[in-house]
Structure formats: C-alpha cells, structure tokens
1. Write out, first by first residue and then by second, each pair whose Cβ atoms fall under 8 Å of each other, whose residues are 6+ apart or on separate chains, and whose first residue, in the stretch A:301-316, is not assigned by the TED database to the domain that holds A:I175 while the second is modelled with pLDDT of 85 or more and among the β-branched types (V, I, T).
2. Hey, any hits in the stretch B:426-435 for a residue that's hydroxyl-bearing (S, T, Y), at pLDDT 85 or above and loosely packed, with under 15 Cβ neighbours inside 10 Å?
3. Filtering the stretch B:110-136 down to residues that are in contact with a Phe, Trp or Tyr (Cβ under 8 Å, 6 or more places away or on another chain) and hydrophobic (A, V, I, L, M, F, W, C), which residue is nearest to B:S68 (Cα to Cα)?
4. How many residues are at the interface with chain B (Cβ under 10 Å from one of its Cβ atoms) and among the aromatic types (F, W, Y) when one looks only at the stretch A:60-113?
5. Condition test on A:G185, is it within 8 Å of another protein chain (Cβ to nearest Cβ) and closer than 23 Å to B:L458 by Cα?
6. Can you tell me which residues in the stretch B:20-43 are buried (at least 24 other Cβ atoms within 10 Å of the Cβ) and more than 21 Å from B:V210 (Cβ to Cβ)?
7. Of all residues in the stretch A:156-166, which are modelled with pLDDT under 90 and over 16 Å from the mean Cα position of the chain (by Cα)?
8. Condition first: part of a helix (DSSP H, G or I), in contact with a helix residue (DSSP H, G or I) (Cβ under 7 Å, 6 or more places away or on another chain) and closer than 17 Å to A:L84 by Cβ. Can you find one or more residues in the stretch A:273-282 that meet it?
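The values are calculated or read from the model by the stated rules, or taken from the named source; none is laboratory data. On a predicted model such as this, the values are computed, not experimentally measured, just so you know. For neighbour counting, all protein chains shown are included, and Cβ atoms are generated from backbone atoms with ideal geometry for every residue, glycine included.
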Amino acid sequence: MKTKVKAFGLTAAFCLIGGAASAAECIAPANPGGGWDFTCRQIGKILYDIGAVDTPVQVTNMPGAGGGLAYTTVVNERNDEENLIIAASSATTTRLAQNAYAGMTADQVRFVGAIGADPGVIVVAADSPFQTLGDMVEAIKADPGSVAFAGGSAVGGFDHMKPLMILKEGGFTDITSIKYIGVDGGADAITQTVGGFTQAMTGDMSEVVSFLANGDIRVIAVLTEDRVPGFEDIPTAKEQGYDVVAVNWRGLYVPKGISDAHFEEWAGKLQQVADSEEWAQAMADNGLAPFTLVGGQFQSYVDGLVADINAMSKELGVIQ
Amino acid sequence: MDILSNLALGFGVALSPYTLFLAVCGCFLGTIIGALPGLGPSNGVAILIPITFTLGLDATSALVLMTSVYYGAMYGGRISSILLNIPGDEPALMTTLDGYPMAKQGRAGDALVLSGVASFVGALLATIGLMLLAPSLARVAFLFGPAEYFALYLLAFCTLGGMASNNQAKAALAACMGLGIAMIGVDSSSGLPRLTGGSLHLFDGVDFLVAIVGLFAIAELFFFIESHGKGSSIGVALDKVRVPWKDIFDTKWTMLRSSGVGFVAGILPGAGASLGSFLAYMTEKSIAGPNGGFGTGVPKGVAAPEAGNNAAAGGALVPMLTLGVPGSGTTAVLLALLMTLNITPGPTLFTERPEVVWGLIASLLIANVVLLLMNVPMVKIFVKVLMVPAWILLPGVTMISFVGIFSLTGSYFDMLMMIGFGVLGYFLRKLDVPTVPVILGILLGGNMEDALRRAMILSDGDVTYLFSSPISIGLWVAAILGFVAPMFLRNVLKKPPAITD
C-alpha cells in the first residue's frame with residue numbers, strides 16, 4: 001500500500017491533465033522486489049508502452065499473509081472494480097489449494113491469464129558429486145538425511161513440492177524424511193548451496209541464471225515438458241525418467257464481480273502484452289519461458305491445478 | 001589501473017548536469033524521508049519508484065536518483081533521533097542513545113554536524129570498499145550458514161545487557177519482550193500461524209516501524225499529555241551551530257572502526273544496517289569501557305552508530321549486486337528497481353554491465369559529497385525545528401507518523417497497534433525499562449529464530465552443529481565474553497567515573 005499515496009496523487013494529476021480516463025491499478029500482493037512486484041511493474045509498463053491503457057498503470061504493494069491479505073481485500077472489499085488487476089503465480093494457487101488464505105477459495109476471483117512461466121529447476125553446487133537427477137535420487141534412497149534442499153518458499157510451498165514430486169516419481173515415498181529449509185528467496189538458497197550448507201537448491205530458472213553463467217552451480221534438471229530455449233544443454237527431468245512438470249507461471253487475476261465483457265477485455269490486453277516485443281525481451285532477460293494462456297482457457301487450467309495440488313498436498317500430509 | 005578507468009567510465013555516465021540535478025533532488029528528498037518518523041529508506045525508495053517510470057528515466061538516471069534517496073534517508077534518520085529522541089528509521093535507533101542526551105546538553109548542532117560527518121566517513125569508506133572488494137567479498141556470504149547466522153545474532157543479544165539502562169535485568173526483560181513479539185506471525189519453518197489470534201493482519205508479524213513509532217513517538221505524546229504540556233522532554237537547549245572540529249578529530253578512530261564493523265555487517269545478507277549500527281555502537285562502547293560515558297551523550301556514541309549504519313548501507317549493496325541477495329529491506333527495493341529496468345544482479349553483473357555498476361558507484365560517491373555539503377550548512381534549518389513549541393511540534397510529529405505508517409501498510413489495524421505500543425512504551429518508561437532492546441528483539445528475533453530452526457533441520461536436531469565451524473565458534477566465544485565479561489569487569493574496573501570529553 002506504500003505506493004498508494006503516490007499513485008493516488010499521480011492519478012489525480014493525470015485526471016486533471018488527460019480528462020476523465022481512469023487509471024488501472026495493479027496490486028502486487030507482496031513487498032517490492034519479488035515476482036509479483038515484477039509482474040505488476042513489467043506488465044503495467046508494457047500495457048502503457050504499447051498503448052493498451054491510456055494512463056500508466058499504478059502499482060500498489062499490498063504485502064500480507066503470503067498474498068492472502070490482498071486476496072481477502074479483493075474478495076471482500078473491491079469485488080466489482082473493473083480497473084483492478086492483481087498479480088498471481090503458482091504460489092497463489094498453491095496456497096489456495098492448501099487452504100492457506102483463511103478459508104478463501106480459488107473460485108472467489110477470476111483468473112484472467114498467464115503470460116510467461118519460470119521453469120522449475122533442481123540445482124547443485126559446481127563441485128557436487130551429483131551429475132544427474134538419478135544420482136541424487138539414488139543417494140536419497142540410500143540415506144534420506146544426506147541431501148538437504150534449500151528453497152525460496154516456506155515449508156509446504158511450491159519450491160518444497162518440486163523435489164518431493166520428483167522423489168515420489170522415483171519411487172521414494174517417505175517424503176517426511178527429506179530435509180528442506182525455506183530461506184529468503186532463491187538467491188539466498190543458492191548461497192547456502194554453494195556454501196555447502198545444503199546439498200541442493202530447488203527454485204526457478206530466473207533465480208539461477210546469473211549464477212549459472214558464473215560457473216558456481218550446475219542445473220541438473222529443469223521441470224518442463226521440453227528443454228528451455230536458450231538453455232538447451234540442461235536436461236529435463238522428464239527425459240531423465242522422472243515425469244515431473246512444475247513451472248511457476250506469472251499471471252493476473254481480477255475481481256469476481258466484473259462483467260464478462262471486462263474480463264474478456266483484460267484477457268485481450270494481456271494477449272497484446274504477451275505478443276509484444278517488449279515482453280519477449282523482458283522474458284529473455286529474466287529467464288522466463290513462453291507460457292501464454294488467457295481468458296477462459298486459463299481459468300480452467302487454474303481450476304485443474306488447484307485440484308491437483310490439493311490432492312497432492314493431502315497425499316504429502318501438508319494438509320489434512 | 002583497471003579501477004581508475006572503470007571509475008572514469010562510471011563518472012562519464014553519472015556526471016552530467018541532469019544526473020547531478022537528480023542527485024541533489026534525491027539527496028534532499030531522501031534526507032526528509034529519513035527524518036520523518038515512520039518513513040524509512042525502504043518505503044521512501046518504494047514510493048519514489050513510480051516517479052522513475054513517469055519521468056521515463058533511463059537505467060543510470062533512475063539508479064542515481066534512487067541511490068541518492070537511499071543514502072539521503074540513511075543520513076536523515078539521525079535528525080529526529082537527535083532532536084526528538086524518535087528514530088527517523090530503524091537504523092537510526094542507536095543514535096538516540098547518545099544523540100538525544102547530547103542535544104539536551106545544548107549541543108544539538110554539534111551532534112548533528114558530527115553525525116553528518118560520521119555518516120559521510122562511513123558511507124565513503126563503504127563505497128570505496130564496494131569498489132575495490134565487491135567481487136571477492138561476495139564470497140563471504142558463502143561462509144555463513146544457519147549456524148553462523150545464529151551465533152552472529154546471539155552475539156548481538158549477548159552484548160545487549162546494560163544497554164540504555166543501569167539495570168541489566170531490565171534490559172534483558174525488554175529484549176525478551178521484543179523476542180516474544182517477533183514470534184507473532186506465520187512460522188516460516190512450518191507455515192503455521194503463531195499468536196495471531198486468527199487475525200490475518202498479524203500473519204506477517206508486527207512491523208518494526210509500527211513498534212518504533214509507537215514506543216517512541218506515541219509514548220512521548222502520552223508523557224506530554226500527562227504533564228499537561230509542561231516539562232516535556234522535547235524542547236532542548238540551543239546553541240550556535242558551528243563545526244565541532246575537536247569532536248570530529250577525537251572520534252576519528254571511532255568512525256574508522258565503526259565503518260569497518262558496519263560494512264562487514266552490511267555485507268552479510270539479511271543482517272542489514274540496523275545490525276551494523278548496533279554492533280558498531282557496542283564495539284565502541286566496550287572499547288571505551290564502563291567509564292566511556294556511553295549513553296550519557298558523548299560524541300563517540302553519536303559517531304559510532306552513524307558511521308556504522310551508513311557503512312552498512314554501502315555494504316548491503318555488495319551482496320545485492322554480486323549475488324542478487326538483498327542485504328536489507330532497502331536493497332530489496334533497489335533490487336526490484338534494477339529488475340524492472342531489466343538488469344538482473346548476480347555474479348556476472350560486474351563483467352556484463354560495467355556501465356551500470358560503475359555508474360552506480362560513481363553516483364554513490366556523488367550523492368555522498370552532495371549530502372555532506374547539504375547536511376552540514378543546512379543543519380541550522382533542522383535545529384530551527386526545535387524553536388517550534390512542543391505543543392505544536394509533538395502533535396505534528398504524531399500526525400506525520402500516523403500518515404507515514406498508514407501509507408506503509410494501509411491498514412487501520414496498524415494504527416491501533418501503534419497506539420498499543422505507545423501505551424506499552426509509556427508504562428515501560430515509567431518502570432524504567434529501556435525500549436531500545438524491545439525494538440532490537442523485534443528486529444532481529446525473527447532472523448535469529450529462522451537461523452536456529454534451519455540449523456536444527458539440517459543437523460537433525462544435533463546441537464553440536466551450532467559450534468561446527470571456526471566462524472561460529474569465534475562468534476560464540478565473543479558472545480559469551482560479551483555477556484560474562486561486564487559482570488566481572490564491573491568490579492575490577494571500578495574506578496572513579498572519568499569525564500572523557
């Protein structure tokens with residue numbers, strides 16, 4: 001909310017200059033600096049640059065309860081504002097699926113689209129004995145305590161899920177014996193892994209790109225269907241025999257109460273951003289892979305995802 | 001020389017009339033933001049980010065503006081600490097301990113100039129350190145695992161005893177209170193909410209800015225009301241503002257040592273400027289010994305935390321630029337700015353985008369000089385604030401605090417909580433329990449607990465893991481000495497209290 005005052009002032013100023021056009025607002029449900037903030041700022045900037053909106057999109061940071069505060073605010077207080085978009089990602093659906101938003105459910109808003117995804121990765125230090133995903137899974141099977149994972153999300157979060165999904169796929173079921181520490185973001189997780197405090201890092205491609213170029217780490221698996229453009233030498237988990245696909249999509253949701261016409265309008269604008277050169281460049285610079293799903297198609301993808309994660313979380317014992 | 005040519009490149013990028021103008025604007029805005037209670041460097045920078053887009057600034061100009069605001073806020077925080085005994089932002093907390101007593105002795109001008117110079121020394125040395133050592137220093141972060149971090153925070157708490165109070169037990173009690181408050185919120189290791197009473201507002205814990213403003217500003221207001229507007233501690237004697245050359249000269253070693261301590265604390269990801277100023281202050285306090293007069297308004301007690309927090313601000317840029325790990329809240333915001341400008345900090349930034357890195361370093365140096373020039377002559381303006389009678393000043397400060405906190409969180413709940421902290425602060429002061437350890441508990445408690453929990457997960461609950469590396473053993477030894485030594489030394493060193501300055 002810290003940018004709100006400024007945003008309000010600027011909005012007022014633009015209204016005075018530019019007539020009655022009302023500015024769109026994008027809520028980033030976190031402090032500046034994270035993925036949601038990036039989504040809002042980048043999409044907001046491109047929306048304005050390509051002329052999809054008349055006035056700059058105002059970004060409001062509303063950190064709280066891992067996105068839960070923004071979610072409840074939108075559902076309870078701002079349910080019919082058609083100029084409002086909210087940044088979302090896999091973390092949003094993971095938490096909704098695990099009932100971590102104080103009883104809120106995924107059908108209380110409308111998911112309007114995703115325009116890019118950060119492929120999940122499993123990373124080890126450059127001098128690690130593990131050359132393939134298989135090496136690591138075998139080592140864990142032999143001694144579950146010997147490999148500790150570090151990731152940027154809390155216990156039970158999406159980063160934690162990734163290695164568990166791989167291990168389940170590899171036939172290892174005692175997932176509660178796997179050590180995982182949640183630290184402050186992917187870069188911190190890499191620092192712990194390069195420092196030798198943990199044996200592997202689980203995170204997103206964007207978090208590891210610059211460390212990869214520097215030679216500190218090796219990515220032993222990327223969790224996508226196919227190898228990621230630009231990183232063709234990194235094998236997928238799938239081709240190593242572990243059929244796990246886990247990407248952190250970046251997208252938006254809008255309030256439930258807006259009309260279908262407004263929903264379609266946002267879907268169309270998002271498609272415009274997805275097709276722009278600016279977004280292609282932003283994706284390339286930040287290690288995102290193309291992943292465009294808008295409108296009703298995306299809504300059904302999200303519904304499926306929530307159901308899957310919910311089932312898996314129960315199986316994993318993260319929720320009852 | 002590689003560095004000189006790089007620096008020339010940086011100044012070539014940063015030194016144009018337009019960017020200089022931005023630097024001056026940024027420094028001025030930053031100083032004001034820092035000085036206002038409730039508005040710290042991180043929200044200051046966050047508020048101003050949209051401006052860089054609206055103005056259509058390129059990467060370098062945006063960086064110059066934002067780093068000027070960042071450094072400016074680090075300078076500005078000291079002003080309200082010294083004049084009002086209300087820290088302008090969390091790293092300026094330690095400056096209240098000696099800055100305010102010094103102002104009450106009628107040396108407000110001296111304290112402001114001295115702390116301005118100390119800030120300059122700290123920031124300048126840190127920028128030079130960043131310039132010379134950043135790529136190699138980044139490796140330091142790889143040496144710090146959960147066990148080492150736990151020992152580091154333990155060191156901070158162990159040296160806390162007796163601070164800001166004559167009674168160690170009361171200081172310890174206050175620290176425990178802070179640690180307890182730090183436990184509120186979602187537990188990061190299990191994802192379960194603790195002590196939240198089911199309220200979503202408490203899921204992220206208690207924001208320390210809310211606590212600071214409540215414990216200092218609101219509590220002050222209650223005292224003011226109690227005394228019916230008379231005898232408030234606000235309203236200190238004024239003297240002519242001149243440059244206290246003698247104090248500056250006397251504190252030169254303090255400034256240099258504190259800059260070193262602060263810089264190292266800044267480099268460690270997550271430790272940040274608050275820990276930097278705290279460790280700098282405690283180091284100087286222990287060097288000066290019990291007769292150093294720390295806490296009563298000595299120049300060294302003003303110079304140490306200011307040099308420390310500004311050096312830490314520069315140090316925090318090291319892990320941000322070289323690893324992409326922000327060392328403090330503000331650098332997290334700067335990281336966001338860089339990423340929106342499509343610059344991804346990380347190990348390759350120095351080689352791939354030298355114009356950005358060296359432009360940034362050049363702009364830090366420029367901002368620093370601008371701030372020194374701005375802060376020393378302009379100190380009179382800030383001292384003039386004191387001429388305003390307390391019955392205008394205090395409600396004004398309170399109002400600004402409320403607006404500042406509301407702009408930060410946008411939640412009425414935080415307003416109520418702030419008043420709650422005000423009540424707590426009022427009673428604590430009545431009972432002569434220091435409030436600074438409470439804040440430090442809130443500020444560092446969460447990190448300390450996370451470090452312990454992570455260490456326990458990695459070691460299967462094996463306690464010896466906490467002493468398993470030379471670094472952690474060293475920190476433990478220092479922590480235990482810091483805790484035990486004062487108890488014995490107090491009797492051994494019982495000399496007549498000397499007036500040191």
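1. Partner pairs satisfying both residue conditions: A:V302/A:T93; A:L305/A:T93; A:V306/A:T93; A:I309/A:T93; A:I309/A:T94.
2. Within the stretch B:426-435, the subset hydroxyl-bearing (S, T, Y) is B:426, B:435.
Now narrow it down to the ones that are at pLDDT 85 or above: B:426.
From the residues that got through so far, the ones that are loosely packed, with under 15 Cβ neighbours inside 10 Å too are none.
The answer is no, given that none of the residues of the stretch B:426-435 is hydroxyl-bearing (S, T, Y), at pLDDT 85 or above and loosely packed, with under 15 Cβ neighbours inside 10 Å.
3. By that ranking, first place goes to B:A123.
4. The total comes to 2.
5. On the way: within 8 Å of another protein chain (Cβ to nearest Cβ): yes; closer than 23 Å to B:L458 by Cα: yes.
Criteria met by A:G185.
6. From the stretch B:20-43, those buried (at least 24 other Cβ atoms within 10 Å of the Cβ) are B:22-23, B:26-27, B:30-31, B:33-35, B:37-43; that's our starting set.
Within the stretch B:20-43, B:L22, B:A23, B:G26, B:C27, B:G30, B:T31 qualify.
7. Across the stretch A:156-166, the qualifying residues are A:L164, A:M165.
8. As a first pass, look at the stretch A:273-282 and keep what is part of a helix (DSSP H, G or I): A:273-275, A:277-282.
Now drop any that are not in contact with a helix residue (DSSP H, G or I) (Cβ under 7 Å, 6 or more places away or on another chain), which leaves A:273, A:278-279, A:282.
From the residues that got through so far, the ones that are closer than 17 Å to A:L84 by Cβ too are A:273.
So far as the stretch A:273-282 goes, yes, one or more of its residues are part of a helix (DSSP H, G or I), in contact with a helix residue (DSSP H, G or I) (Cβ under 7 Å, 6 or more places away or on another chain) and closer than 17 Å to A:L84 by Cβ.
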